[in-house]
Each structure stands twice: as structure tokens, then as C-alpha cells.
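The block underneath contains the structure these notes are about, expressed in C-alpha cells.
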Amino acid sequence: MYDISGTNESLKFFYAKLYYYQELRTFLNNIYSNSKKAINIRRSTPLKIDNDINRIIKECEPHKTKVINEMSKLHNPFYEFYKKPTKDDYNPYSNFRKSYVNCMLPRFKNLEPNLNSAISSMKSEYDHLCYYEYWNVDALYKKYADSTTTYMFSQFNILDNYVTSNAIQIISHLKSLNRILESEGEQESLISKLKFLSNQIEYTVKKFHNYKKDCIDHCYFMSNYLSKNTYTQYYYNYLREIKKIAQQKANFAYNSNKLKHLNLLYIHQKGILKTFYKAIEKILLEKLDPDKNKESKDYIGIFDYSIPQSKLTELETKFFEIFKEKWDSYDNKKTIDENSNEYNIVKLILQHMKELKDIIDFMVDYKKKDTTTRFEIGHNIKWYIDQVFYSDIENGVKKSYKSVKDWRKLRLEEKKKLEEENENVIKLETKINDLFEKYMKINAENIYL
């Protein structure tokens, strides 16, 4: 389990010794079962420790759950997304981890004397059997050395197929990905969590290679043991040699078991990394629609072209109320004397209405221009990031940010243009309303006269 502080607490002291005991116990049982005659001696009592182990695991389960829950927050790219990270952000995880370790370690240390006693209790039994079952023990001992070596080498075919064996480049990839996000000024919480995951994966890969190196060392030891034909010929050395082999096999079994779990952990962590890819993709897609979240620093805002459209509608309604016709079909030459003041006013109204309509049509068409572009960029972002090779993913993220920045630049230019045109709409609206007032005033005076 990854520790922020870099300290390493392991239960190897217990489990490797437990495997060691089990190897010695199994070998002892094989002596009895392989004997051609009944052996009547006082036998050591097998160790019963499974219930104690299960009890400890159950007692410490609540602490483990808290660690997992806290870790899931650090693995969630969007948890407290807008919160500025601090050096204390990892404290809950670190504290829960310490509590879990402090629950497990002392309890297993308390069990260790039981293991030591169980191992010691077999010595007198072994001494007797090594002397009185000399040929039996000799055959089993040599077979044990050979089978242990065969077992170790057979396991290497499995170990070499673990994906973690070829995981070195992922560490470089994660660091590169973080540098890209930092250079793009991405949210610090996302960068902080990705660094945490990067450190976890680096820790996993480092531990994997350490355990694998230990397995290789045990393998070489047994290979040399056989090749140099170092078998003992003396009964009083059998227990020493059997213990030596049992120790190698126990440590190998513990290390290979850790490798299996680290490989599964690495696969899980790679799955979490994919959620960060998806998160980056989602963040980039949201930058294409920044009006959704005003809290975001990428907020641009969408120009509401329905506002100038509503102004035109209001003016059209007002025109109809005054002249009893639609403005775009109104012929002032037929209804108003060309030499009158009203004629010039209506002529200006119609002219400005046409100008207003043209501006709004331009704004609507201008607004529609980016629809296809946005869709294409969004599609490209998904394609850029959804790659197999790490270098392609990094380049894809860079391309995606560039595409978004280029689009945002265009978007800001468009918004500025629309706002400038909207200023013209407001000016024309004012002019037209003033002309309406002027026309109605003159018309009212004519009626009065």
C-alpha cells in the first residue's frame, strides 16, 4: 500500500515465516507417509492459526475501508475539482493508512511467537527422523531440492507474462502528462490527483521489480544448489539443509504472491488512469461549451441573439399597430404625400427597419457558423486522446488543447463581433422608436387641425 511518507511496513516477517513453517510441516508429513514402517514417536502439534489471522483481518477491516474510501476520492478527477490543493490534502489518506498499519502490525507481531514455537517444536521430531529414517529423509530431501527448483522456474513463465514487467515507460508518460496539464494551466486539483496516481504507480512498479529480483535470487540459489551438487551426506545436517530450501521456497512463494497482487493492482491503477484520460477529454469538451459553468475560469458566455430578435419583433408589432400593415409590405408612396413631413419620417423608419433586419439576419447566420466546427473539434478530441501508445496520447492531449484554444479564440472574436453588431441594433431601435414618436406627434397634430 502506497505511503506518502515513503516508509514501508510489510507483513513479510509473518507470512514468509508462516510459509516456511508450512514447508517444514509438509516435509515432516511426507517423511511419515513415505516411511515403509510405522514410526512411533511423539509428534508435534500442528499450528492452528487461521482463525487468529481471520480475526485480525476482520478487526482491522474498518480501518482498511476508510483507507479505500479516502483513496477513491484521490482517484476521482472531479472530486472537489475547483478546490485549491494544499499540502494537507493527503493527510486523511495518510492518517487512515497509519491507523490501518497500526492495527495490523502489532496484532501479527503478537502472533509471531506462536509461529516461532511451532517451528521449534518440530526440531526434536526432525532430529529423530533424520537419524532413524536416514534413507527416507535423504531421498525426500533431494527430491525436495529438485521439485523446489522446478517450481520456481515454472513460476517464472507466469511472472514474465505479468503486464507490470514492462511498465517502466508509464512513469515517464505520467510525468509528461502532468507537465502538459501544468503548461496549459489546468485545474490544480486535477494535477495534484494525477501526481498522486503517478506516485502510486511508480511505487507499484518499483515494488514489483524489487520482489521479482528477490524471486530471481531465490531461483539462482536453488539452481546453484543443484548444479554444484551440494547435497549433504550426513544425517545431522539434513535439518539445516531442509530448512535452507524451505526458507528459499517460502520467500519465493511470498514474493511471487506479492507479484501477483501487484500485477492486479497495476492493472487496476491503469484503469484509474483511463478515467483521468476521460476526465481530460470531458474538461476539454466543456471548454467548447463554456457557458455551462460560470464558476469555470474558461467561462466565455453565449451571446443571446434572441434579444435583438425580440427587439425587431417589438418594432414590427409597433409598426403594424400604427400603420395597420406589415412594414416589409408597406408602400408609403401610395398612402402618404411625398411632400409631407410624414413621408420622410416613414421613409427613414422603413430604411432603419430594413437595416435592423439585415443586421439581425447577419447575426443569426454568424452565430450558426461554429456549430459544425464545434462538433468536429469534439469528435477530434475523443479520437486524439483515445490512443494505444503513451506518446500518441501525450501528443493527442497537446493537439486537443491547441484545438480548443484556437476555437476559443475564434469564439471570442465572434462574440465581440456580435456584441458590436448588437450595439448597432440598440442604436437603430432608439432611432426607430424616436421616429415612431415623431410620426405619431405630427399625425396627431394633423388630425387636430
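Couple of notes before you dig in:
- Filter result (of a type in the set (V, I, T), within 25 Å of N422 (Cβ to Cβ), surrounded by 16 or more Cβ atoms within 10 Å (Cβ to Cβ) and out of contact with any Asp or Glu (no Cβ under 6 Å at 6 or more places or on another chain)) within the range 305-359: I349
- Test: residue in the range 428-449 that is loosely packed, with under 13 Cβ neighbours inside 10 Å and of a type in the set (F, W, Y): yes
- Where a residue in the range 15-26 is in a helix (DSSP H, G or I) and its partner, wherever it lies, is among the acidic types (D, E), with Cβ under 9 Å and at least six apart: K17/E112
- Residue ID - surrounded by the fewest Cβ atoms within 10 Å (Cβ to Cβ), chosen from residues in the range 6-46 that are hydroxyl-bearing (S, T, Y) and closer than 16 Å to M122 by Cα: T45
- Any hit, the range 372-385, residues being over 23 Å from E186 (Cα atoms) and assigned to a helix (DSSP H, G or I): yes
- Among the candidates Y203, Y220, Y225, the residue that is under 24 Å from L140 (Cα atoms) and touching a residue at least 60 places away in the same chain (Cβ under 8 Å) is uniquely Y225.
Residues are listed down the side, and each one gets a yes or a no for (1) among the aromatic types (F, W, Y); (2) over 24 Å from K206 (Cα atoms); (3) assigned by TED's automatic domain parsing to the domain that holds H128; (4) under 29 Å from the mean Cα position of the chain (by Cα):
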| residue | (1), (2), (3), (4) |
| --- | --- |
| K17 | no, no, yes, no |
| Y21 | yes, yes, yes, no |
| N30 | no, yes, yes, no |
| H63 | no, yes, yes, yes |
| E70 | no, no, yes, yes |
| Y79 | yes, yes, yes, yes |
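- Scanning the range 38-61 for residues that are within 30 Å of Q200 (Cα to Cα) and either among the basic types (K, R) or touching a His at 6+ places or on another chain (Cβ under 8 Å) (or both) yields R55, K58.
- Number of the exception - N40 against (1) polar (S, T, N, Q); (2) part of a loop (DSSP other than H, G, I, E, B); (3) within 29 Å of F208 (Cα to Cα): (3)
- Flag if K213 is within 31 Å of the chain's Cα centre (by Cα), in a helix (DSSP H, G or I) and buried (at least 17 other Cβ atoms within 10 Å of the Cβ): no
- Residues (surrounded by fewer than 16 Cβ atoms within 10 Å (Cβ to Cβ) and among the small types (G, A, S)) located in the range 100-153: S117, S120, S121, S124, A139, S147
The values are calculated or read from the model by the stated rules, or taken from the named source; none is laboratory data. Computed from a predicted structure; not experimentally measured. Cβ coordinates were reconstructed from backbone atoms using ideal geometry, including for glycine residues, and neighbour counts include every protein chain displayed.
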